[in-house]
Amino acid sequence: MSEEKSVTPPLEVFHEVVEQSSVAISITDQNARILYANPAFNRVTGYEQEEVVGQNESILSDKSTPPLVYKNMWQTLLEKKAWSGVLVNRRKDTSRYLAELTIAPVLDSSGGVSHYLGMHRDVTEVHRLEQEVLNQKEMIESLVDAAPVVIALLNLEGEVVRSNQAYQNLSEDMEGAAPAVE
C-alpha cells in the first residue's frame, strides 16, 4: 500500500523559503519603495515590515556611501542588470552596518522593469575581523622587518618568498648573491 504525499504548491514553497531565509530580502517598486520585507530584513535593519512598506529603500542609507556608488548602482539597474556591492547602511536605532547587497531588476513579460529584488546581509563583523587580521599581519611584518637578525621565509622550492631588512642588507653585502640557497 503506497502512501500518497501531498504536494505543496510552488508559490507556497517560495513564500516559505523567502520568509525563512537568513538573507535580508526586500522587493520594491520601480521607484525603490518597499513593497515587501522578509523577517531577516527586519532582524538586520531593526525595522518592522509595517514600518518599511511604502518607504523608500533610502531610509537605510547612512549617507556616507559615496554618491558615485549610488550613481553606478542605478546606471547598472537601469541597464536591466543586477548590481552587487557594499554600502554603509543605518538601522532603525541609528547604528551603522556594512551591507553586502545584491539588487536585481525583475522584468515583466514585455521586458520592462516591474520591481527590484534586494538581498543583503550584514558583513560588519566579517569586515572588522578582516581588518584586524590585516592589522596584525602588518604589525608582524614590521616587527620581522625591524628584527636585528636575518630572517628569510622560503617556499618548498627553496626560493625566498619573504625576508626582512637584515636579509636584504646581507644580500647586498654579498653583492646580490642570495644568502638563503639550498
_For the range 94-116: of the residues being β-branched (Val, Ile, Thr) and surrounded by 12 or more Cβ atoms within 10 Å (Cβ to Cβ), which is farthest from residue 43 (Cα to Cα)?_
113
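Checking the structure you have, find out if any residue of the range 11-20 is touching a helix residue (DSSP H, G or I) at 6+ places or on another chain (Cβ under 7 Å), of a type outside the set (Ser, Thr, Tyr) and surrounded by 15 or more Cβ atoms within 10 Å (Cβ to Cβ). Before the answer, list the steps.
The initial filter retains those residues of the range 11-20 that are touching a helix residue (DSSP H, G or I) at 6+ places or on another chain (Cβ under 7 Å), namely 19.
Now restrict to residues that are of a type outside the set (Ser, Thr, Tyr): 19.
Checking the rest, the ones that are also surrounded by 15 or more Cβ atoms within 10 Å (Cβ to Cβ) come to none.
No, the conditions are met nowhere in the range 11-20.
What residue, among those in the range 1-10 that are open to solvent by 100 Å² or more (accessible area, probe 1.4 Å), modelled with pLDDT of 70 or more and in a loop (DSSP other than H, G, I, E, B), is farthest from residue 100 (Cα to Cα)? I'd like the intermediate steps shown before the answer.
Taking the range 1-10 as the starting set, the residues that turn out to be open to solvent by 100 Å² or more (accessible area, probe 1.4 Å) are 1-7, 10.
Restricting the remaining residues to those that are modelled with pLDDT of 70 or more gives 5-7, 10.
Now restrict to residues that are in a loop (DSSP other than H, G, I, E, B): 5-7.
Details: 5: 39, 6: 38, 7: 35 Å.
Checking each candidate, the answer is 5.
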*Is at least one residue of the range 117-128 surrounded by 10 or more Cβ atoms within 10 Å (Cβ to Cβ), of a type in the set (D, E, K, R), modelled with pLDDT under 95 and farther than 30 Å from residue 52 by Cα?*
no
*If you scan the range 30-84, which residues turn out to be outside any helix (DSSP H, G or I), open to solvent by 30 Å² or more (accessible area, probe 1.4 Å), touching a strand residue (DSSP E or B) at 6+ places or on another chain (Cβ under 8 Å) and in contact (Cβ under 8 Å) with a residue 40 or more places away in the chain?*
30, 35, 47
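Would you pick out the residues in the range 61-92 that are aliphatic (A, V, I, L, M) and within 16 Å of the chain's Cα centre (by Cα)?
Quick first cut of the range 61-92, residues aliphatic (A, V, I, L, M) only: 68-69, 73, 77-78, 82, 86-88.
Once the filter is applied, which keeps residues that are aliphatic (A, V, I, L, M) and within 16 Å of the chain's Cα centre (by Cα), the range 61-92 yields 69, 73, 82, 86, 87, 88.
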*Starting from the range 125-145, keep only residues that are on the phi < 0 side of the Ramachandran plot, then list their pairs with residues that are open to solvent by less than 100 Å² (accessible area, probe 1.4 Å) and outside any helix (DSSP H, G or I) whose Cβ atoms are within a distance under 7 Å, requiring at least 6 positions of separation or different chains.*
127/98; 144/151; 144/164; 145/164
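The values are calculated or read from the model by the stated rules, or taken from the named source; none is laboratory data. Source: prediction; values computed, not measured. Here the Cβ is made from the backbone with ideal geometry for all residues, glycine too, and neighbour counts use every protein chain on show. Ligands, DNA and RNA are excluded from the accessible area calculation, which covers all protein heavy atoms including side chains. Shrake-Rupley method; radii C 1.70, N 1.55, O 1.52, S 1.80 Å.
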